[in-house]
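In what follows, a structure is listed as structure tokens, so that the remarks can point back to it.
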Amino acid sequence: MARDADLILSIPLPMSSREDQISWSFDARGEYTARSGYGALRCFRQSAALVASDVDSNFVWAQLWKVTTPPKFLNFAWRAARNCLPTRFALTIRHVDTPMCCPICRSEPETTLHALIECVAARDVWDESGLAMLQGNFGSFVDWLATMFAYCDSVVFAKYLAVCWGLWWRRNDIVWNGKIRHSQQVVNGCFTMLESWFHANETLATAVIVPSYSSKWQKPDYGWIKINVDGAVFPDKGAIGAIFRDHQGRFMGDFAKPFPHQTLPEVVEALGVHEVLSWIHERSRSKIVVETDCLRVVQAIQHKSCPNTSFGFIIADCLDVLQHLVDVQVVYARRSANSAAHCLAKGVGSFTSLHIWGYTPPQCILSCLHYDV
Ligand SMILES: [Zn+2]
């Protein structure tokens, strides 16, 4: 009963009344597809601990090559899925004389799944990435890949592939060069690579309201305020953080808010933008730039795209509020230009209630604020 109550309370409700609709929660548009059905089936099987490494590799192969992402990420994912990475486990199988255990944690055999997903040296990077990690008893990396592919859309899936690539690069640097790269450096590195590739291919350039591609935070125009907002997900909740700065880059305030049970990154990102827009509306403010690093939210707002899902309902709410606002823009910023809001959202994960408003920057964002100006 308590679990059911929690699940019901975790459904983000639209602000305006709408007719009830049936939505398939395993698809980004809320519609049933064979692909999402396959994914759901796998999730159910894993939660029932019935999983076995029987993923149809043709399915993975076919899906993988549909993802729009740099070829090197695709090639890497395919090599990993085929067990072609020179992990210690793979080398041992090929009769290379090497210990089988992970050279970093030394607690498990170094399989591809261990190196990229399960090892402690991978978890900090996944945490940093803000990408949700499904809990499950995955039999192999290809098993994990198939599950994640069904779980998210291809834009988000490209990010998972980028992080996998970054993790392997980091692992090799530790083993061969003795260099330990900070998780933030790894995530920024591979996400920047992904963004640069998208920009070079001009797939993103036409998709945002006001392009803002600087890798560093930019001051708003004279007389304007910029609000950076970001979301973070934790095992049991999501949290958002928003930071207000004026045209000279001076800190004006911040607020943050946890969302119990919300663990879908894009839903949390959308909730963050909605919170900020509501804040602006309630105070009748104008001349404000709202900056998020979630491209999907910006695209959905620009295209007025409100799929029949929780995400779509929040976007619809954002559009409702935007109708009443003058001189308010929602723009996309690179992740590296949104780091202060990111740190705030991550930092408030321990809060259980609303952190309403602060005029003094919290400790966790001081270095980001300093770097930005
Ligand atoms: Zn390990």
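Each value in this text was obtained by applying a stated rule to the coordinates, not by laboratory testing. Predicted model only: the values in this text are computed from it and were never measured. With ideal geometry, Cβ positions are generated from the backbone for all residues, glycine too; neighbour counts draw on all protein chains shown.
Among H274, H303, the ranking by other beta carbons within 10 Å of each residue's beta carbon, starting with the fewest, stands as H303, H274. Arranged from fewest to most other beta-carbon atoms within 10 Å of their beta carbon, D317, D97 become D97, D317.
Phi angles across segment 272-288 convert, under the Karplus curve 6.51 cos²θ - 1.76 cosθ + 1.60 with θ = phi - 60°, into 3J(HN,Hα) values of x, 5, 5, 4, 5, 4, 5, 4, 5, 5, 4, 9, 6, 8, 9, 6, 10 Hz, Gly and Pro given as x. So for segment 225-372, taking the charge dipole from beta-carbon charges (+1 Lys/Arg, -1 Asp/Glu), which of P258, L271, Q248 sits furthest toward the positive end? Selected residue: Q248.
Using +1 on the beta carbon of Lys and Arg, -1 on that of Asp and Glu, and nothing else charged, what's the dipole of segment 225-372 about the Cα centre, debye to 20?
200 debye
In terms of surrounding Cβ atoms within a 10 Å radius of their Cβ, L325, L366 rank from fewest to most as L366, L325.
Between D173 and E31, how high is the FRET efficiency from 1/(1 + (r/R0)^6) when r is the Cβ-Cβ distance and R₀ = 41 Å? Nearest 0.05. Numbers along the way, then the final one.
On the way: r = 43 Å, r/R0 = 1.04.
Calculated value: 0.45.
Think of segment 57-136 as a dipole: +1 on every Lys or Arg Cβ, -1 on every Asp or Glu Cβ, centred on the Cα centre; then among V125, A81, W65, W65 lies furthest on the positive end. Computed from backbone phi, the HN-Hα couplings of segment 299-307 come to 4, 4, 5, 5, 8, 6, 9, 10, x Hz, rounded to whole numbers (Karplus: 6.51 cos²θ - 1.76 cosθ + 1.60, θ = phi - 60°; Gly and Pro given as x).
Around K216, with a cut-off of 14 angstrom between Cβ atoms, what is the net charge of the other residues, counting Lys and Arg +1 and Asp and Glu -1? Numbers along the way, then the final one.
Details: positive: K219, K226, R245, R334, R335; negative: E195, E291, D293, D372.
Local net charge: +1.
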